[in-house]
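Report on the structure given below.
The values are calculated or read from the model by the stated rules, or taken from the named source; none is laboratory data. The structure displayed is predicted, hence computed values, not measured ones. Here Cβ is always computed from backbone atoms with ideal geometry, including for glycine, and neighbour counts include all displayed protein chains.
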Amino acid sequence: MAIVKPFRGYRPAKEYARRIASRPYDVLSSDEAREDAGDNLYSFLHVVKPEIDLPEDTDHYADIVYETGRKNIMKLIADGIFSQDEKEIYYIYAQTLWGKTQYGLVACASVEDYLNGIIRKHELTRPDKEEDRKNHIRVTNFNAEPVFFAYHDNKKIDAIVNRIITEKPEFDFVAIDGVGHKLWLVNNDKDVVEIEGIFREEIKYTYVADGHHRTAAAAHVGEERKKQNPYHTGKEQYNYFLAVHFPAGQLTIIDYNRVIKDLNGYTKEEFLNKIQDSFEVKEFGDKPYKPSALHEFSMYLNGKWYILRAKANTYNDNDPIDCLDVTVLSKVLLDPVLDIKDLRKSMRVEFVGGIRGLEELKKRVDSGEMAVAFALYPVSMDQLMNIADTGNIMPPKTTWFEPKLRSGLVVHDLE
């Protein structure tokens, strides 16, 4: 059963919360982060993307980058902007987007749970990205950003959360992108004990929804420190890492789409004929079309939108991977028709999160940068958890969660 541990979080004073809260490190380039932070000296981007405080030609993986991150978070603490809670507690973090609110439990997840499969994952990690986050944790000595976890809905946890959120939140602000953020403290000892017990007794698994590299990095740093400590007891803070746990029923996965640079030598007519082997193809016109069901795609080509419906022989709904539309598209179109064999390595395919809308796909093709775009129906949480439960791995760039967690509202000290 899952371990979710209360902890003494460091968090900003109320009046600084909105200025500190930042988007996660991995959704912004360094240039975008510099622009986002601007003249805001309190932005947590100075901690999670500290290269923005260094010359632009600085190697992003240089020691000085991580050392700058530690210097910046320690200054926030020394200046009294951040302070540590006096006892181990939980936090409830709410995000509101598009009129919908999701409520997550901020807690420490267990390194041991990650290593023994209680924390389930659905993506592979890249060694270079994982090493980057390991170095950030090693040097700063903090889990500076939470990872995004899900768990199967539980009425007992819902009841506790629903009672606590009737109280006044500690933080309550709307970020510049329009997403609302609230944070409550769960500092009643009875609630803390009850939540911990419910997870231990009733929540068999938790699931990495977003943040596989941060999760792996935190777990491996914890494992390193265990081996380095001859007096290890299992109670040290490095045995745990920061996560926000959401009930799966509240989460929204949006589409993660593909744009392709060329038609692999085919003319438009040849390409349309070729894909009819695997799809029913219907011209839709110049207005964007958003897929409305599984195994339905939309395609933008040469100024027109098309509806593609996968033929029955192209997918297997009884297989957790073969039922995914990202698999169908790769197996019957990107690979055999466009000769794109490996989505992780190909330079001819790029990925566009659905948050940017279908107009972004049209823009990329109309500019001449790309030749064709495909919009997909989003994966469901049930599909994600089924894949994780069966030990399978999703194809690259399958899920896009919105809203993203804000960084800097609560951090976890490894000491």
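Scanning segment 53-95 for residues that are farther than 21 Å from Ala17 by Cβ, free of Cβ contacts under 8 Å to residues at least 40 places away in the same chain and not in a loop (DSSP other than H, G, I, E, B) returns Asp53, Ile64, Val65, Thr68, Lys71.
The residues on offer are Ile275, Ile307, Ile260, Ile254, and the sole one that is β-branched (Val, Ile, Thr) and within 24 Å of Gly99 (Cβ to Cβ) is Ile254.
The helices (runs of 4 or more DSSP H) found entirely in segment 148-260 that carry 2 or more residues being within 30 Å of Ser346 (Cα to Cα) are 212-228.
In segment 123-147, which residues are farther than 26 Å from Asp389 by Cα, of a type in the set (A, V, I, L, M, F, W, C) and assigned to a loop (DSSP other than H, G, I, E, B)? Listed by number, the list holds a single entry, Ala144. One residue stands out in segment 261-298 among those that are under 16 Å from Leu361 (Cβ atoms) and among the aromatic types (Phe, Trp, Tyr): the one that is surrounded by the fewest Cβ atoms within 10 Å (Cβ to Cβ), namely Phe284. No other residue among Val411, Val379, Val352, Val365 is crowded, with 21+ Cβ neighbours inside 10 Å, modelled with pLDDT of 95 or more and not basic (Lys, Arg) apart from Val411. Comparison of Ala78, Ala17, Ala109 shows that the only residue that is among the small types (Gly, Ala, Ser), surrounded by 19 or more Cβ atoms within 10 Å (Cβ to Cβ) and over 21 Å from Glu236 (Cα atoms) is Ala17. Would it be correct to say that Val47 is in contact with a Gly (Cβ under 6 Å, 6 or more places away or on another chain), outside any loop (DSSP other than H, G, I, E, B), of a type in the set (A, V, I, L, M, F, W, C) and over 17 Å from Val179 (Cβ atoms)? Taking the combined requirement at face value, the residue satisfies it.
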